[in-house]
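Just below is one structure, and these are the notes that go with it.
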Amino acid sequence: MNIILLGYGKMGKAIEQIALQRNHQIVARIDKDNPQDLEQCAGKEAVAIEFSQPEAAAENIKQCLRLKIPVVSGTTGWLEQKTAIEKYCEAQQGAFFYASNYSIGVNLFFQLNQYLAQLMQPYPNYAVDIIEVHHTEKKDAPSGTAITLAEGIESIDPTKNDIPIESVRTGTVPGTHTIRYNSIIDTLEITHIAHNREGFALGAVIAAEWLKDKKGCFGMKDMLKF
């Protein structure tokens, strides 16, 4: 499969390594220094994997859809434009896959989070909050994963709205997320700790493989059949 890397930072390089290990071809590496090169990728029968910057993500995705290039995006911090992008995708009869986190473990954690929310719903004496820790280079806060976790809880228990999210930026931490239920009596918490970027990169490449011949807007629940 041909792959276009949209964003060639640490995640882009990690994705490249995984893609090559899985016998894919990188036909373009596009970053802030050569955005015009995307136009030349039309007709290459490639899938774009987009991990760029929040301020560039929506336009990058829209350009891929205009050029009939299926696009897998993992950039967070731009989601106020996601509904518009999905409508544009449908109008272009394109293919768009978005996830706030491509780690299989994190997506299992999303399911665990919702199950725990169901168990906790009858006990309003527990207050819930979220703590997310990432490396100092992460641009957005709170993380897209933390927002997804909060939305998961709120979808189960509408009384839990405006869930507090504490964002910590330190060192080179790939990503740690904790859901915490506090009461006067005790604390119950679940945590997902990423040890490196490999899980995110592998999930993004698998998503690109899955999306290759499809049309429409998709996410991890579609691919993993949760």
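For (1) under 28 Å from Asn2 (Cβ atoms); (2) over 18 Å from the mean Cα position of the chain (by Cα), each residue gets a yes or a no:
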{"site": "Thr176", "(1), (2)": "no, no"}
{"site": "Ser183", "(1), (2)": "no, yes"}
{"site": "Thr187", "(1), (2)": "no, yes"}
{"site": "His192", "(1), (2)": "no, no"}
{"site": "Gly199", "(1), (2)": "yes, no"}
{"site": "Asp222", "(1), (2)": "yes, no"}
Out of the stretch 160-191, which residues are assigned to a strand (DSSP E or B) and among the hydrophobic types (A, V, I, L, M, F, W, C)?
-> Ile165, Val168, Ile179, Leu188, Ile190
Filter the strands (runs of 3 or more DSSP E) completely within the stretch 1-112 down to those with at least 2 residues that are buried (at least 20 other Cβ atoms within 10 Å of the Cβ) and more than 14 Å from the chain's Cα centre (by Cα).
-> 2-6, 46-50
Selection count where residues are of a type outside the set (S, T, N, Q), free of Cβ contacts under 8 Å to residues at least 60 places away in the same chain and touching a Phe, Trp or Tyr at 6+ places or on another chain (Cβ under 9 Å), scope the stretch 187-205 = 1
Residue count for the stretch 140-167, restricted to those that are surrounded by 12 or more Cβ atoms within 10 Å (Cβ to Cβ) and either assigned by TED's automatic domain parsing to the domain that holds Gly9 or not small (Gly, Ala, Ser) (or both) = 16
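The values are calculated or read from the model by the stated rules, or taken from the named source; none is laboratory data. It should be emphasised that the depicted structure is a prediction, and the values quoted were computed from it without experimental measurement. Here the Cβ is made from the backbone with ideal geometry for all residues, glycine too, and neighbour counts use every protein chain on show.
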